[in-house]
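Structure first, commentary second.
The values are calculated or read from the model by the stated rules, or taken from the named source; none is laboratory data. What you are looking at is a predicted structure, and each value in this text was computed from that prediction instead of being measured. Counting neighbours? That spans all protein chains shown, and the Cβs are built from the backbone with ideal geometry, glycine included.
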Amino acid sequence: MTSVTLENVVKYYYPTIGSAETRPTLGLDHVSMKIEDGETVSIVGPSGCGKSTLLKVIAGLEYADAGRLLYNDVDVTRITPQDRGVGMVFQDYALYPSKEGEKNMAYYFEVHHRTEEEKQQRLKETADLMGIGFELLMGRQVDTLSGGEKQRVGIARCIVREPNVFLMDEPISNLDAKLRERTRTEIKRLLKKFKITTIYVTHDQQEAIFMGDRIAVMRAGRLEQFGTFDDLYYSPANLFVASLIGTPPISVLPAERSGGALKIADAASLPLSAELAAQLPEGRLRLGVRPEAWFVKSEAGSGLALTVTRIERLYTERAAFAHGEVTGEPVNALVPLDFPEVKQVFLQPDLDRAYFFAADSEAVLHTPGVPALF
Amino acid sequence: MSLIPAVGRKQFKARLGWGALAAFLWFGVFMHLLPFYIMIVTSITPAAEAMSMPPTLWPAHPTLAAWKLILHISDVARSVLSQPLSRYFFNSTLMTLSTMLLSIPVTSLAAYACSKLIKGKSARTLFIFFIGTLMLPGIVSLIPSFLLTRNFPFPLPVAPTIPGTDTAFPTLRIWNTYWAVIIPAGFSASNFLLFKGFFDGIPDSIINAARVDGGSEFNIFRRIILPMSVPVYAVVAYFSFGATWDSYLWPLVVIQDSKIAPLTLAIRRISDAFGAAGTTNPQSALGASAQMAELISQGLSWNGLMVLGLLQAIPVFIFFIIAREYLLKGVKIQGLK
């Protein structure tokens, strides 16, 4: 059982010969985080944000240029990947193509000079864990397996050794949608069973939310926020986190506070509650509204006119998302299904559930905080 | 066949085109096989008939006499070739196998290191350095290389003396030994390029997975990379075999002693025996030289040379068939999606 701690980890990337950039770029910019024992952490962020680099540093495939990395209380910053005892699952499966499934899983036991009995026993246990039909995959040549089957072998290869830390680098993003759904559930089931510390890298926030007990959001090598989904959703650290988490994304509109009133997008004006009035500065700011935090009306009133460009039905509910524009800014709103073919609806933000950001930076002025649901 | 689809082939014009194409290709096949036919036929032709004008396409009296004589060449033409044929064969085999044994591991490990283990600027510099050796024609480095075999590590005809004394620097002399052929062929830039191209195609994640599994770098190379790389090893082994087995100029420069001469030099020596006399017909040939006369009197002329040529070609052909098997077997287990 292992906890993983990163202390101010820095990783530089040196430019390739011939590129215009001559200075090294920061792959990881002073990342600090503590991943608790047995916890699953998703790392999410746009391409090139350093999430894979972070995983490689934790695995030892790259070494940090500065900072420390601890497994429990042991400094492993300079320990080779061979000696860290981690298990890693790769996006392209990375199975050894010249070996069958079983030999893929057995490689660990071969290089560690384990006994044949132990190997056989662990292989059997793993096959039982992986579920029905897995023993059939073990005997097959790797290149005859389908993508999903390959990834099952990849995961089995990882758990057969009882790793300290389980690292997954976008393990299911190469699978088709339906299989992805199934494999996702499967991985979650295995993780629950093992209670191994897991770090799961993905660019898909749905996957991150589903997998992770906590989620780390990264951008340009920096850790922007690290917390549960509720923290990230209701109390984002900045505008970037607010717009990354949530589908459809938060709608951001320019607004101006003058006295006790809030003027939104030069189109509507709302009175501010005493609590909000105490927190918000005078002048220009930005208002963020989640799709579910709009009051929707079909006739003109004090609301904002949303020109609907697209209706996206939610088949699990009697509702739909209306995508459109309010004075040129993209806005998404959750509307009841009795607006089937409308071209325009009128929206009024629920200011109790609204987010406020500074007009010229990503700083947060006010967030609603996690609602007390129960 | 698929160049013109089966349906289209029913049309007259397409048939004509298809026929012309087939004829052209068969002509190519014919032109390639003709020299081999001449070689084989000449090798079973009696000596006098082999030199007659016009040449005969099929001998009047086919005979295996030349084959028997060549197998005992040191008995029948001692002044031309002093060693038994098996000796030249042994020399060629020894040089070729030793070269392969040295050059394939050295070249492939260098390529693997350059492709997967060293990153950034140094890998690039190393790569350009290795490839740079390809830019120099081999003939340019012939004399410096020759001098190096005389007084290694000095590329000088005579080793320099230690300053202030009369003693020469100690040097290593590999000239006129097997090593003179084997060591310079220990690294091959063109094979390096082949290996590197292949290793570059192997995803890093496979190597990373093996590292996480706990394999040492060498174990990863031996247990994971090597089995994946069978095709490229087959290609390189074939190239390397052919290049050393058929090498002529370099052994000619560094090997003097006929006891260690490869088969290529033996063939050249017999060919020279004819060439020096400028033989075009039996009459002029007979009067030309003692060596010539000795060969002819034994019943050897171009036919003997053709026998040697065939003996020289057969191992390369056999090795090609073996390498091809592995090449096809290997293609199936490539790890590339």
Report summary line: When every residue in segment B:219-229 that is more than 8 Å from chain A (Cβ to nearest Cβ) and surrounded by 19 or more Cβ atoms within 10 Å (Cβ to Cβ) is compared, the one farthest from B:Glu325 (Cα to Cα) is B:Ile220
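Considering only residues that are of a type in the set (Ser, Thr, Tyr) and in a helix (DSSP H, G or I), look in segment B:211-243 and name the one that is nearest to A:Val57 (Cα to Cα). Working first, answer last.
Step one: list which residues in segment B:211-243 are of a type in the set (Ser, Thr, Tyr), which gives B:216, B:229, B:233, B:238, B:240.
Filter once more, so that each one left must be in a helix (DSSP H, G or I): B:233, B:238, B:240.
Values: B:Tyr233: 34, B:Tyr238: 42, B:Ser240: 41 Å.
Among them, the one singled out is B:Tyr233.
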Report summary line: Matching residues in segment A:1-47 (free of Cβ contacts under 8 Å to residues at least 12 places away in the same chain and under 23 Å from A:Gly227 (Cβ atoms)) number 0
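In segment B:114-129, which residues are in contact with a helix residue (DSSP H, G or I) (Cβ under 8 Å, 6 or more places away or on another chain) and away from every other protein chain (no Cβ under 12 Å)?
Initial filter on segment B:114-129 (in contact with a helix residue (DSSP H, G or I) (Cβ under 8 Å, 6 or more places away or on another chain)): B:114-118, B:123, B:126-127.
Correct list: B:Cys114, B:Ser115, B:Lys116, B:Leu117, B:Ile118, B:Leu126.
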Requested in this report: Could you tell me whether A:Phe210 is in a helix (DSSP H, G or I), surrounded by fewer than 22 Cβ atoms within 10 Å (Cβ to Cβ) and either at pLDDT 90 or above or not assigned by TED's automatic domain parsing to the domain that holds A:Gly50 (or both)?
Outcome: yes
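Is segment B:330-337 home to any residue that is more than 18 Å from the chain's Cα centre (by Cα), modelled with pLDDT of 70 or more and within 14 Å of chain A (Cβ to nearest Cβ)? Reasoning before the result, please.
If we filter segment B:330-337 for residues that are more than 18 Å from the chain's Cα centre (by Cα), which is where we start, we get B:330-337.
Narrowing further to those that are modelled with pLDDT of 70 or more: none.
No.
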Query - Residue check for B:Ser216: buried (at least 19 other Cβ atoms within 10 Å of the Cβ) and among the hydroxyl-bearing types (Ser, Thr, Tyr) - result: no
Query raised in the report: Going by the conditions given, is B:Ser247 assigned to a helix (DSSP H, G or I), away from every other protein chain (no Cβ under 14 Å), under 17 Å from the mean Cα position of the chain (by Cα) and among the hydroxyl-bearing types (Ser, Thr, Tyr)?
Result: no
Query raised in the report: Taking segment A:1-45 as the search range and keeping residues that are within 14 Å of chain B (Cβ to nearest Cβ) and not in a loop (DSSP other than H, G, I, E, B), which one is surrounded by the fewest Cβ atoms within 10 Å (Cβ to Cβ)?
Result: A:Thr25
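Kindly indicate whether A:Arg84 is over 18 Å from A:Met218 (Cβ atoms) and surrounded by 15 or more Cβ atoms within 10 Å (Cβ to Cβ).
Working: over 18 Å from A:Met218 (Cβ atoms): yes; surrounded by 15 or more Cβ atoms within 10 Å (Cβ to Cβ): yes.
Against the criterion (over 18 Å from A:Met218 (Cβ atoms) and surrounded by 15 or more Cβ atoms within 10 Å (Cβ to Cβ)), A:Arg84 qualifies.
Residue-by-condition table, conditions (1) more than 26 Å from A:Arg219 (Cβ to Cβ); (2) among the charged types (D, E, K, R); (3) touching a Gly at 6+ places or on another chain (Cβ under 7 Å); (4) in a loop (DSSP other than H, G, I, E, B):
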{"site": "A:Arg257", "(1), (2), (3), (4)": "yes, yes, yes, no"}
{"site": "A:Ala277", "(1), (2), (3), (4)": "yes, no, yes, no"}
{"site": "A:Leu285", "(1), (2), (3), (4)": "no, no, no, no"}
{"site": "A:Ala300", "(1), (2), (3), (4)": "yes, no, no, yes"}
{"site": "A:Ala305", "(1), (2), (3), (4)": "yes, no, no, no"}
{"site": "A:Asn332", "(1), (2), (3), (4)": "no, no, no, no"}
{"site": "A:Val370", "(1), (2), (3), (4)": "no, no, no, yes"}
Query raised in the report: Quick one: in segment B:176-213, which of the residues that are buried (at least 18 other Cβ atoms within 10 Å of the Cβ) and charged (D, E, K, R) is farthest from the other protein chains (Cβ to nearest Cβ)?
Result: B:Lys196
Query raised in the report: If a residue has to be farther than 18 Å from A:Thr367 by Cα and surrounded by fewer than 16 Cβ atoms within 10 Å (Cβ to Cβ) to count, how many in segment A:264-278 make the cut?
Result: 3
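For the structure I just gave you, tell me whether A:Leu54 is away from every other protein chain (no Cβ under 14 Å), within 28 Å of A:Val217 (Cα to Cα) and among the hydrophobic types (A, V, I, L, M, F, W, C).
Numbers: away from every other protein chain (no Cβ under 14 Å): yes; within 28 Å of A:Val217 (Cα to Cα): yes; among the hydrophobic types (A, V, I, L, M, F, W, C): yes.
Taking the combined requirement at face value, the residue satisfies it.
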Query raised in the report: Of the conditions (1) modelled with pLDDT under 90; (2) more than 14 Å from chain B (Cβ to nearest Cβ), A:Ser98 fails just one. Which one is it?
Result: (2)
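Could you say whether any residue in segment B:270-278 is surrounded by 16 or more Cβ atoms within 10 Å (Cβ to Cβ), of a type outside the set (Phe, Trp, Tyr) and at pLDDT below 70? Even if it seems obvious, please write down each step before you answer.
Narrowing segment B:270-278 to residues surrounded by 16 or more Cβ atoms within 10 Å (Cβ to Cβ): B:270, B:273-274, B:277.
Still in the running and of a type outside the set (Phe, Trp, Tyr): B:270, B:273, B:277.
Within this subset, residues satisfying the condition of being at pLDDT below 70 are B:277.
Checking segment B:270-278: at least one residue is surrounded by 16 or more Cβ atoms within 10 Å (Cβ to Cβ), of a type outside the set (Phe, Trp, Tyr) and at pLDDT below 70.
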**Report entry** Answer residue from segment B:22-77, given it is part of a helix (DSSP H, G or I) and of a type in the set (Ser, Thr, Tyr) and is modelled with the lowest pLDDT among those
**Finding:** B:Ser74
Query raised in the report: When you go through B:Pro157, B:Pro105, B:Pro137 one by one, which is the residue that is free of Cβ contacts under 8 Å to residues at least 60 places away in the same chain, away from chain A (no Cβ under 14 Å), surrounded by fewer than 16 Cβ atoms within 10 Å (Cβ to Cβ) and closer than 19 Å to B:Phe199 by Cβ?
Result: B:Pro105
Report task. Might you check whether a residue that is closer than 30 Å to A:Glu341 by Cα, among the hydroxyl-bearing types (Ser, Thr, Tyr), touching a strand residue (DSSP E or B) at 6+ places or on another chain (Cβ under 9 Å) and buried (at least 16 other Cβ atoms within 10 Å of the Cβ) occurs anywhere in segment A:285-304? Result -> no
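Within segment A:1-17, restricting attention to residues that are in contact with a helix residue (DSSP H, G or I) (Cβ under 9 Å, 6 or more places away or on another chain) and at pLDDT below 90, which residue is farthest from A:Arg78 (Cα to Cα)? Step through it out loud before you land on a result.
Filtering segment A:1-17 down to residues in contact with a helix residue (DSSP H, G or I) (Cβ under 9 Å, 6 or more places away or on another chain) leaves A:4, A:6, A:9, A:11, A:13-14, A:16-17.
Okay, now just the ones that are also at pLDDT below 90, so A:13-14, A:16-17.
On the way: A:Tyr13: 18, A:Tyr14: 20, A:Thr16: 25, A:Ile17: 27 Å.
Filtering segment A:1-17 for residues that are in contact with a helix residue (DSSP H, G or I) (Cβ under 9 Å, 6 or more places away or on another chain) and at pLDDT below 90, the one farthest from A:Arg78 (Cα to Cα) comes out as A:Ile17.
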Query raised in the report: Here are some conditions: (1) in contact with a Gly (Cβ under 9 Å, 6 or more places away or on another chain); (2) surrounded by fewer than 18 Cβ atoms within 10 Å (Cβ to Cβ); (3) more than 22 Å from B:Thr264 (Cα to Cα). B:Met39 meets all but one. Which one does it not meet?
Result: (3)
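The rows are residues; the columns are (1) under 24 Å from the mean Cα position of the chain (by Cα); (2) within 9 Å of another protein chain (Cβ to nearest Cβ).
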position	(1), (2)
A:Val76	no, no
A:Gly85	no, yes
A:Glu102	no, no
A:Phe109	no, no
A:Lys119	no, no
A:Lys124	no, no
A:Gly139	no, no
A:Ala156	yes, no
A:Arg161	no, yes
Report summary line: Across segment B:81-111, the tally of residues that are over 18 Å from B:Ala180 (Cα atoms) and among the polar types (S, T, N, Q) stands at 5
Query raised in the report: Restricting attention to segment A:211-242, which residues are in contact with an Asp or Glu (Cβ under 9 Å, 6 or more places away or on another chain) and aromatic (Phe, Trp, Tyr)?
Result: A:Phe240
Query raised in the report: Does B:Thr165 satisfy the criteria of being at pLDDT 90 or above, part of a loop (DSSP other than H, G, I, E, B) and hydroxyl-bearing (Ser, Thr, Tyr)?
Result: no
